[in-house]
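First comes the structure, then the notes that go with it.
The values are calculated or read from the model by the stated rules, or taken from the named source; none is laboratory data. Remember, predicted model here, so these are calculated numbers, not experimental data. Cβ atoms come from the backbone with ideal geometry, glycine included; neighbour counts cover every protein chain shown.
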Amino acid sequence: MPFDPSPKVQDLQKRLTAFMDAHIYPNEQRHAEEAERLGPWQVYPVIDELKPKARAAGLWNLFLPESAHGAGLSNLDYAPLCEIMGRSFLAPEVFNCSAPDTGNMEVLARYGTPAQQERWLKPLLAGEIRSCFAMTEPKVASSDATNIESSIRRDGDHYVINGHKWYTTNATDPRCKIAIFMGKTDPDHADRHKQQSMILVPMDTPGVKVVRPLPVFGFYGMPDRASEVIFDNVRVPATNMLLGEGRGFEIAQGRLGPGRIHHCMRLIGLAERALERMCRRTRARVAFGKRVSEQGVTLERIAESRIAIEQARLLTLQAAHRMDTVGNKVAKTEIAMIKVAVPAMAEKVVNWAIQAHGGGGTSNDFGLTHAYAMARVLRLADGPDEVHREQLGKLELRKYA
């Protein structure tokens, strides 16, 4: 099917690109310096300065399909816009389109009660607060989410929460006010996928302790604010439960589908930027009597990068189309495919761009080390490659049962 953007999306592409040129790219170095100097526990001033500009430009909350809270765009509409944002680590939060807030807002929009939406969704949509998603645990193989050991125990009109989480993105951000916490309400349920629930935990609740930021390949604060968090006898009202006890996996599948495809959309933009940098760098450098761009190995890598990016983009657009037309659950095959293919593609393209920059590519001067860290970590985040491949293999074999 054709994937040509609608006139509305084309207009947003132009406006978004103009904003990136005027405000995002000129401030990238400042963003990197603030992240390094201030660390993961602080707010970066450049983001707070640019967010009002993005909102005033009408480039705000462009995600959230099938919701009155978003911009009225489908997943397919959003794909080229998310790709543009993915070209810079500064951009997604400036447009209020960054993980994990987007996924958490989708959960609240789909599954939250009116009271939960009023208290948490509205300030998230306004960019006034941030959020985190507490699922992964250090003591179990969290690639199998049924291994989760954290507990959510009913006690009268409250739930008591205990658990040890890590890679809880955003928890060190002082603006992070709410966590979506996954734990077991019924560990003895015969169906392992109905043992878990999700509940809203305000971060200022007694017993919530953000232990430390976790480095991603030595980086703190950018490209991620990964964190370790302990929940020690945390009491929250029973009304904080999302959807109902035992429905945590149902919510997770609704949340992780859009989260996975958004990561892939952004990674395509990241890879495009890396290829652009590789081309500009190799055209500007001379080695052994000719431009590096004229060397056979460089031409081959540029060509292979272009092929790989286009393949990844088409596969991602197909997944977006399927999500729009048949739903996230039916589109699980396409979502699994892009979650394997796109991070691997981005990792390869960024790696070649680093090589093209020589020793300088390993520094922070060209943005490639941050890009490589993000591409590599997304082969693990939201499910490792191996889990998605196993699922795909089983789905394929069912055709021949």
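Observations
- Pairs linking a residue in the stretch 232-245 that is free of Cβ contacts under 8 Å to residues at least 12 places away in the same chain to a residue that is assigned to a strand (DSSP E or B) and surrounded by 15 or more Cβ atoms within 10 Å (Cβ to Cβ), with Cβ atoms under 6 Å and 6 or more positions apart or on different chains, do not occur.
- Complete set of residues in the stretch 316-336 that are crowded, with 19+ Cβ neighbours inside 10 Å and touching a residue at least 40 places away in the same chain (Cβ under 8 Å): THR316, LEU317, ALA319, ALA320, MET323, ASN328, ALA331, LYS332, ILE335, ALA336
- Count of the stretch 206-231 residues which are modelled with pLDDT of 95 or more, farther than 22 Å from ALA252 by Cβ and among the hydroxyl-bearing types (Ser, Thr, Tyr): 0
- Test: residue in the stretch 383-399 that is at positive phi and not in a helix (DSSP H, G or I): yes
- Of the residues making up the stretch 217-272, those that are within 13 Å of the chain's Cα centre (by Cα) and under 29 Å from SER151 (Cβ atoms) are ASP224, ARG225, ALA226, ARG255, LEU256, GLY257, PRO258, GLY259, ARG260.
- Criterion violated by ILE148 - all others in (1) exposed (fewer than 13 other Cβ atoms within 10 Å of the Cβ); (2) assigned by TED's automatic domain parsing to the domain that holds ALA179; (3) out of contact with any Phe, Trp or Tyr (no Cβ under 7 Å at 6 or more places or on another chain) satisfied: (1)
- Enumerated strands (runs of 3 or more DSSP E) restricted to the stretch 192-271, each holding at least 3 residues that are in contact with a His (Cβ under 8 Å, 6 or more places away or on another chain) and surrounded by fewer than 19 Cβ atoms within 10 Å (Cβ to Cβ): 227-237
- Options LEU64, LEU59, LEU73; residue that is farther than 16 Å from HIS262 by Cα, aliphatic (A, V, I, L, M), outside any helix (DSSP H, G or I) and under 19 Å from the mean Cα position of the chain (by Cα): LEU59
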